[in-house]
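Working notes for the structure below.
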There are 2 protein chains.
Amino acid sequence: MLRVDINNIFPFVEETALKSMHDELDRAHRSLEAGDGLGSDFLGWLRLPSQYDREEFQRIKKSAEKIKSDSQVLVVIGIGGSYLGARAAIEFLRSPNYNLLDKDTPDIFFVGNNLSSSAISEIIDLIGNRDFSINVISKSGTTTEPAIAFRIFKKLIEERYDAEEARGRIYATTDSSKGALKNLADTEGYESFVIPDNIGGRYSVLTAVGLLPMAVAGIDIDALMAGAQAAMEAFAQKSFENPVWQYVAARNLLYRNGKTIEILAAYEPSFRFMAEWWKQLYGESEGKDGKGIYPASVDFTADLHSMGQYIQEGMRNLFETVIHIKNAPGSVVIEADEDNIDGLNFLAGKDLNFVNEQAFRGTLLAHVDGGVPNIIIDLNTIDEENFGWIVYFFELACGISGYVLGVNPFNQPGVEAYKKNMFALLGKPGFEEQRDILMERLK
Amino acid sequence: MLRVDINNIFPFVEETALKSMHDELDRAHRSLEAGDGLGSDFLGWLRLPSQYDREEFQRIKKSAEKIKSDSQVLVVIGIGGSYLGARAAIEFLRSPNYNLLDKDTPDIFFVGNNLSSSAISEIIDLIGNRDFSINVISKSGTTTEPAIAFRIFKKLIEERYDAEEARGRIYATTDSSKGALKNLADTEGYESFVIPDNIGGRYSVLTAVGLLPMAVAGIDIDALMAGAQAAMEAFAQKSFENPVWQYVAARNLLYRNGKTIEILAAYEPSFRFMAEWWKQLYGESEGKDGKGIYPASVDFTADLHSMGQYIQEGMRNLFETVIHIKNAPGSVVIEADEDNIDGLNFLAGKDLNFVNEQAFRGTLLAHVDGGVPNIIIDLNTIDEENFGWIVYFFELACGISGYVLGVNPFNQPGVEAYKKNMFALLGKPGFEEQRDILMERLK
């Protein structure tokens with residue numbers, strides 16, 4: 001269950017302006033559903049929560065069981081959308097300290113998302129002699145970072161186990177029919193899962209891309225898909241009663257009023273990577289054609305003691321979207337102290353979550369008073385179902401918001417620019433001419 | 001050793017504009033040194049690398065040895081500047097996976113930097129039956145988050161050990177003479193270290209605030225202070241030869257030209273919390289009076305596959321400051337593969353760090369071509385000495401930059417606003433009137 005509260009944008013935009021967005025929102029929402037808008041080849045996520053492949057879903061659960069039974073470590077190889085969703089889910093639903101926990105599920109290491117020698121060496125050391133499996137996630141199989149990592153870990157697993165055993169420990173999440181990784185998976189007989197053609201990386205968390213690592217971490221993926229499906233049904237509504245409409249209208253109005261930075265804030269440290277997932281979703285969908293809100297994030301209350309000053313009194317070109325967990329899990333009661341030297345006895349008997357709640361409410365008022373519009377997203381609690389709700393909420397809102405902004409929210413043409421230069425500088429065959437030009441510029 | 005390269009700002013600002021900033025920079029730098037500018041009561045960090053308290057420094061090392069010998073876990077309690085510096089150093093110089101490493105130094109958990117019940121409960125579980133010590137870091141001893149955490153962990157340690165043993169396991173980093181924590185430390189006889197009156201939280205990483213946790217993690221704090229001292233001497237120069245001047249001039253010129261977001265980027269995942277430390281330093285120092293560059297950060301190459309699209313093609317109101325590690329540690333050579341199904345054999349024999357270097361160079365050109373000015377900060381390698389260099393670099397640049405911007409870079413008046421509201425909502429004695437007002441607004 002998820003609600004949105006946009007009452008704290010009204011000191012900054014007119015309520016009439018909001019109402020006047022009705023037709024824009026309606027058009028964008030219907031265009032998305034009809035599949036007649038920009039990038040409509042990539043709308044597979046829209047009805048995914050009800051239309052996902054049940055046979056594959058069962059295989060994901062079966063593979064997760066096998067990995068749990070024969071591996072102490074799962075190495076997940078992927079970058080961008082093939083990395084952030086699963087990591088976000090595991091940190092949010094299990095813990096940011098997941099690998100440190102005493103648990104009956106494997107440690108999970110995410111590799112192939114950077115080009116640091118020391119980072120990848122360290123993961124090899126951390127695996128040590130433990131039994132491990134690999135989930136390599138790549139549509140093409142040729143993206144530089146994951147492809148290099150897969151070379152390294154494939155060799156490691158083939159040295160550790162005999163050929164058949166090694167093949168049985170590699171799980172490929174890739175294209176359904178073509179590409180280097182799909183070909184290899186077919187040749188070698190890896191268990192493989194599909195990244196659908198009509199779902200881009202940043203919208204793929206509810207496919208095998210996210211689901212297999214999550215299931216291995218002990219996350220209930222049935223409950224998660226049920227949450228997403230409930231959200232899908234609830235958010236189909238075409239009116240301002242729809243929390244998705246409220247969020248889209250609010251952020252676009254604020255953007256038009258010069259609020260060009262959106263700060264996603266949460267009061268649970270486990271949300272950190274959810275914010276990273278959100279940044280990719282919105283930054284990559286809207287940041288094009290010289291437009292788009294810049295997505296940033298903070299972890300409260302920690303960052304009230306770092307970015308808090310800026311938010312309260314810096315440039316007034318920002319707004320906050322605050323994740324508010326209504327029933328935060330856990331309970332720690334503050335006890336009375338005889339000496340009361342810290343003066344906190346007025347909190348004796350109170351739960352820490354109650355204090356967190358007052359920090360949320362106090363900050364909301366302080367920031368609005370300071371000139372920062374606030375959008376509140378209420379989530380019931382932290383569990384699989386609510387994860388499904390918030391993921392679908394942000395995905396649908398992103399698609400509609402991109403249309404309202406007038407961009408194609410499903411492509412990412414700008415990501416190629418650095419790759420081309422990098423290939424040229426690395427001496428990749430076919431990039432010789434570009435290489436000469438760049439080398440001249442770098443002199 | 002640290003260099004700055006600002007050649008990639010000149011497509012966006014005039015070289016003459018840079019030169020014309022000479023007098024402004026000279027005035028700001030001299031004012032800082034003379035102590036006649038805004039916030040001059042807080043300049044203790046300026047000459048700290050040569051003037052630190054040698055007796056205390058030895059006690060820090062001695063305490064670190066004791067903790068290493070009698071504890072498997074150190075709990076560090078602090079928020080904001082009493083947290084970010086030490087965590088940044090440990091992640092950067094040891095590893096983001098520090099607690100997972102097989103090592104001869106204690107695990108280190110940072111608590112008291114949030115109000116999440118589940119987060120703090122988890123740390124208690126993670127300590128389990130292991131021997132532990134506490135380093136509580138707070139100037140006053142009454143800041144809500146760390147004070148609550150200290151109540152909880154003080155009780156835990158007093159239940160675990162007899163009174164004398166418990167007292168010997170608590171290390172207080174606090175005011176030299178006053179405040180709740182100082183009083184308690186004196187009464188109980190805790191080993192205690194000083195947060196100097198003339199050093200604000202965000203400039204305190206080279207005091208006991210940062211040094212004790214770092215020393216416990218096995219970081220060579222002598223080498224670190226030597227690096228900072230070398231930086232202090234090098235950066236005293238009053239000319240554009242000074243990398244500090246180059247950075248300050250570049251970012252302020254870009255800001256004046258509408259580039260209001262600075263993205264700190266690095267190509268090593270271990271830099272993530274260094275960026276968080278930097279965000280506090282700059283955001284809290286400059287974000288006031290409706291002014292200041294918004295500090296953001298990305299981890300490359302990971303985030304080239306998330307925020308990369310926005311940076312390449314989104315709103316053109318941003319610039320990048322890129323940390324470039326010239327000799328990145330570690331070595332992983334990419335091997336040839338018989339089948340070459342991923343097409344990466346053109347990289348065979350190359351080190352992953354070489355690929356990372358080309359990603360850096362290729363991205364630089366792509367982003368500049370896309371309209372994003374780039375400032376490059378060259379660091380020799382990742383070690384204690386270079387940590388000292390970059391910390392002093394950013395601190396000095398921040399002080400000068402704040403003066404150039406025309407703000408007091410050493411206060412943080414805006415941090416009080418949320419605290420007052422929170423106290424009122426929590427029912428803290430003395431805030432009754434404010435409470436009634438807020439409760440009415442929250443209806």
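The table below gives the values:
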| read-out | value |
| --- | --- |
| Candidate lysines for bridging to A:LYS103, where Cα separation is under 22 Å - those fewer than 8 sequence places away on the same chain excluded | A:LYS61, A:LYS62, A:LYS66, A:LYS68, B:LYS103 |
| Formal net charge of residues neighbouring A:ALA328 (Cβ-Cβ distance under 15 Å; K, R +1; D, E -1) | -4 |
| Inter-copy separations for A:PHE10, label at 7 Å along Cα-Cβ, nm, ascending | 5.5 |
| Average other protein chain Cβ within 10 Å of Cβ, residues B:432-438 | 1 |
| Protein-only accessible surface order, largest first, of A:ILE311, A:ILE325 at 1.4 Å | A:ILE325, A:ILE311 |
| Formal net charge of residues neighbouring B:SER63 (Cβ-Cβ distance under 12 Å; K, R +1; D, E -1) | +2 |
| Distant alpha-carbon pairs in segment A:7-86 (separation over 21 angstrom), percent | 62 percent |
| Cα pair distances in chain B, grouped into 20 Å bins until the bin that holds the longest one, percent each | 23, 53, 22, 1 |
| Kirkwood Rh in Å, taken over all unlike Cα pairs in segment A:259-337 | 14.1 Å |
| Buried solvent-accessible surface, both chains (B, A), 1.4 Å probe, Å² to nearest 100 | 10200 Å² |
| Test item: A:173-184 mean partner chain Cβ contacts at 10 Å | 1 |
| Cα centroid separation, segment A:153-177 to segment B:6-40 (Å) | 56 Å |
| Cα gyration tensor shape of segment A:250-291, rounded if a/c is under 1.5, else prolate or oblate by comparing a/b with b/c | oblate |
| Order of exposure, largest accessible area first, which applies to B:ARG435, A:ARG151 with probe 1.4 Å | B:ARG435, A:ARG151 |
| Residues of chain A: accessible area per residue with a 1.4 Å probe, Å² | 34 Å² |
| Geometric extent, Cα atoms of segment A:356-412 - Rg, Dmax (angstrom) | 15.4, 41 |
| Other-copy label distances relative to A:LEU442, 7 angstrom Cα-Cβ extension, nm | 5.6 |
| GNM flexibility winner over chain B from B:THR363, B:THR16, B:THR174 (Cα, springs under 10 Å) | B:THR16 |
| Segment B:190-276, dipole about Cα centre (Lys/Arg Cβ +1, Asp/Glu Cβ -1), debye to the nearest 20 | 540 debye |
| Simple label model, 7 Å out from Cα along Cβ direction - A:ALA236 to A:GLU55, nm | 2.6 nm |
| Burial order of peptide ranges B:32-39, B:119-126, B:141-148 (average beta-carbon count within 10 Å, highest first) | B:141-148, B:119-126, B:32-39 |
| Rounded Å value of the spacing that divides the Cα centres of segment B:351-419 and segment A:185-238 | 38 Å |
| Fraction of accessible area attributable to carbon and sulfur, segment B:48-219 (%, probe 1.4 Å) | 44 percent |
| Fraction in percent of alpha-carbon pairs per bin - 10 Å, segment B:48-219 | 10, 43, 39, 8, 0 |
| Distribution of pairwise C-alpha distances over segment B:67-140, 10 Å bins, in % | 18, 52, 29, 1 |
| Charged-residue dipole, Cβ positions (Lys, Arg, Asp, Glu), segment B:48-219 about Cα centre, Debye nearest 20 | 340 debye |
| Axis-nearest residue in chain A [Cβ, rotation onto B], distance in whole Å | A:ALA296, 3 |
| Highest-fluctuation residue, B:GLU335, B:GLU268, B:GLU233 considered, GNM on chain B with Cα pairs under 10 Å | B:GLU335 |
| Förster-model FRET efficiency, 45 Å R0, B:ASP131 and B:ASN380, C-beta, rounded to 0.05 | 0.75 |
| Over the protein assembly as shown - Rg/Rh using Cα atoms and the Kirkwood inverse-distance radius | 0.94 |
| Counted charge near A:GLY414, where neighbours are those whose Cβ lies closer than 9 Å (Asp, Glu -1; Lys, Arg +1) | -2 |
| Cα→Cβ-extended label distance, 7 Å offset, between A:ASP36 and A:GLU432, nm | 5.0 nm |
| Copy-to-copy label separations for B:GLU338, where each label sits 7 Å from Cα toward Cβ, in nm and ascending | 7.6 |
| Dipole magnitude of chain B, debye to nearest 20 (Cβ charges: Lys/Arg +1, Asp/Glu -1, about Cα centre) | 1320 debye |
| Average other protein chain Cβ within 10 Å of Cβ, residues B:259-265 | 2 |
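The values are calculated or read from the model by the stated rules, or taken from the named source; none is laboratory data. None of these values were measured; they are calculated from a predicted model. Please note: Cβ atoms are built from the backbone with ideal geometry, for glycine as well, and neighbour counts cover all protein chains shown. In case anyone asks, the SASA skips ligands and DNA or RNA and just uses the protein heavy atoms, side chains included. Shrake-Rupley method; radii C 1.70, N 1.55, O 1.52, S 1.80 Å.
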